[in-house]
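The values are calculated or read from the model by the stated rules, or taken from the named source; none is laboratory data. Keep in mind that what you see is a predicted model, and the values were worked out from it rather than measured. A quick note on method: Cβ atoms are made from the backbone with ideal geometry, for glycine too, and the neighbour counts reach across all protein chains shown.
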Amino acid sequence: MPTGAETNRILQAILDAAVDGVVLIGHTGLIEAFNRAAQSLFGFSAEEVVGKNVRVLMTEGDAAAHDEHMARYLRTGTAHIIGRGRQVIARRKDGRDFPVFLSVGVVPGAQPPRFLGFLHDLTAERQADERNQRLQERLTHVSRLATLGEIAAGIAHEVNQPLAAITNYAQACVRLLVAPDADIEEIREALREIAGQAVRAGDIVHRLRGIARAPDPQRRPLSINSLLMELNELLQGQARRAEVSCTVDLGSDLPLVLVDGSQIQQVVLNLVRNALEALAGPYRTPKQILISTYLDGDHDVALEVCDSAEGISAGTVERLFEPFFTTKEAGTGLGLAMSRTIIESHGGRLDYRPHAPQGSCFTLRLPTL
Amino acid sequence: MATTMKERAPAVYIVDDDDAVRSSLRLLLKSVGLNATAQGSAQEFLSSYDPQQPGCLVLDVRMPGMSGLELQQQLNLRGAVIPVIFITGHGDVPMAVEAMQHGAFDFLQKPFRDQDLIERIQKALERDRTSRAQLRERSLIRERRESLTPREREVLDLVTSGKPNKVMAADLGVSQRTVEIHRARVMEKMGASSLAQLVRMVLDLQSEGG
């Protein structure tokens, strides 16, 4: 049997060997023991804090609340933190705050009670989290810009069509008016066409503004069909240029979804762009994309983009949504990863399945309101 | 037959899948008195195309189904002479370059000034007239050559390869006088007024592979 002094030395050795900070306090909050890890975490020596109230290790807000939690526990036995542990902000001797995970235990049988606090430094984890978040934000931005660049090229082409028609009609009118026996009805018809084509160009530009507006954290109840139809002219234009037939099949009476419309549109553009790239090979016929919306079960609205390309090989399927994984020469490997992130942040899912008889289907599901 | 072709008024064909672009082009060409026919797809154009009809083709590069470039290749395969003016949208320069390499007459980027298009169309129609006249000329020469007797044909080949009458007479085993008679008949049948012209005709047929 070890003697009392021996037990104390063993206990001290255990405490000092611990990687996490360990603080023993009495029922009034006075610090009774402060292990080596705690000393290096807080910058206090044991001598400096033993006998002082544990509040010296806390921020003002926590310090005020701490006395209350202790008093309530002593009075009612209701634990605020004991047995659960939570993330708190601790304060160093030099005044700097840092995040810790605090778990608290009660020394069994001690009367009045004594408490043991274990402090796990979260600074490194927190920094990693922040780095990840910054990276995510940057990726979202990069991906958005890449898509925007492509959208801009597409829009330029689409706007050019009505502009060309307007130019032709106007120049024809100028010439027709010169003739002594000018046919006024023909000229009137041409002027009407000019107005109609100007509206068409305006609609396209309007749609671009909708897509390019700043990310709106405010999600609104929107119809997935309306979001898709806003993109339709753009998608059809892209498909037409790629000599792909693109069919849209809208489900009827779909419930609304709570979404950031431009983010969802970005995902759809991304999926269609992937499909077009998959269909870009030379002699494959027929080149088809089918976009459909439907109610999936009772709780999800689904939007599906299917193509008639070669599909995706088994080895690739597993890594499909992995960031920076790509099979394309000029790919960033971010498109699908970002798309999935966006859909999941809306509480939904983005999945792949093979398309019969050949090709790929990507299905995004969003919870209905 | 040659004269009826000459009399046909040239037609301008427009092939563009965009309704507005197509009908505005037709109106523009009509406003300058050109006879324009508009079609919405390459297939539509091909199924009604008459190679005997002089004219030119104003063609959109990008179309669903058969693209403008593919239509051009189809026409090339059929040996069509119709000049093609390509209309390209934004950023289609590489396609335009390819079209030019395959013998396109010219290309224009949308939107364009009416004067630019009309000038190009007029030049294209001029080219079509010239090449059709050339074709008629060639087929005429070929017909005339077919009308020569075997002996006259021999004389034609020898004359145009530069052989003097004396050498020809020896080669053919006839008198120099006989050669001279054959030679006069060849000149007359071929419609050549000089040896130089006769040589040009033969070279022209040879260059065409005929």
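Is it true that A:Ala156 is surrounded by 14 or more Cβ atoms within 10 Å (Cβ to Cβ), within 14 Å of chain B (Cβ to nearest Cβ), part of a helix (DSSP H, G or I) and at pLDDT 90 or above? Considered against the rule, which asks whether it is surrounded by 14 or more Cβ atoms within 10 Å (Cβ to Cβ), within 14 Å of chain B (Cβ to nearest Cβ), part of a helix (DSSP H, G or I) and at pLDDT 90 or above, A:Ala156 comes out as no. Of all residues in the range A:161-177, those satisfying the criterion of being within 7 Å of chain B (Cβ to nearest Cβ) and either of a type in the set (A, V, I, L, M) or touching a Lys or Arg at 6+ places or on another chain (Cβ under 6 Å) (or both) are A:Pro162, A:Leu163, A:Ala164, A:Ala165, A:Ala172, A:Leu176.
Collect the residues in the range B:89-106 that are more than 10 Å from every other protein chain (Cβ to nearest Cβ), touching a helix residue (DSSP H, G or I) at 6+ places or on another chain (Cβ under 9 Å) and at pLDDT below 90, keeping them in residue-number order. Break it down stepwise before answering.
Keep residues of the range B:89-106 that are more than 10 Å from every other protein chain (Cβ to nearest Cβ), which gives B:93-106.
From what's left, touching a helix residue (DSSP H, G or I) at 6+ places or on another chain (Cβ under 9 Å): B:95, B:98-99, B:102-106.
Scanning the range B:89-106 gives B:Met95, B:Glu98, B:Ala99, B:His102, B:Gly103.
Note on the range A:297-321: residues that are closer than 26 Å to A:Pro221 by Cα and modelled with pLDDT under 95 amount to 4. Among all positions in the range A:273-290, there is at least one residue which is within 14 Å of chain B (Cβ to nearest Cβ), assigned to a helix (DSSP H, G or I) and aliphatic (A, V, I, L, M). Elements of the type strands (runs of 3 or more DSSP E) sitting completely within the range A:1-113 and holding at least 3 residues that are over 37 Å from the mean Cα position of the chain (by Cα): these cover A:21-25, A:31-34.
Across the range B:110-132, what is the number of residues that are within 11 Å of chain A (Cβ to nearest Cβ), in contact (Cβ under 8 Å) with a residue 40 or more places away in the chain and of a type outside the set (Val, Ile, Thr)? Qualifying residue count, the range B:110-132: 3.
Name the helices (runs of 4 or more DSSP H) wholly inside the range B:1-82 in which the number of residues that are of a type in the set (Val, Ile, Thr) and within 11 Å of chain A (Cβ to nearest Cβ) is 1 or more.
Working: elements: B:2-7, B:19-31, B:42-48, B:68-77.
Result: B:19-31.
Note on the range B:162-210: residues that are over 36 Å from the mean Cα position of the chain (by Cα), in a helix (DSSP H, G or I) and among the polar types (S, T, N, Q) amount to 3.
The rows are residues; the columns are (1) surrounded by fewer than 12 Cβ atoms within 10 Å (Cβ to Cβ); (2) out of contact with any Gly (no Cβ under 7 Å at 6 or more places or on another chain); (3) under 21 Å from A:Leu15 (Cα atoms); (4) among the polar types (S, T, N, Q).
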| position | (1), (2), (3), (4) |
| --- | --- |
| A:Arg36 | no, yes, yes, no |
| A:Ala46 | no, yes, yes, no |
| A:Lys52 | no, yes, yes, no |
| A:Glu60 | yes, yes, no, no |
| A:Ala65 | no, yes, no, no |
| A:His69 | no, yes, no, no |
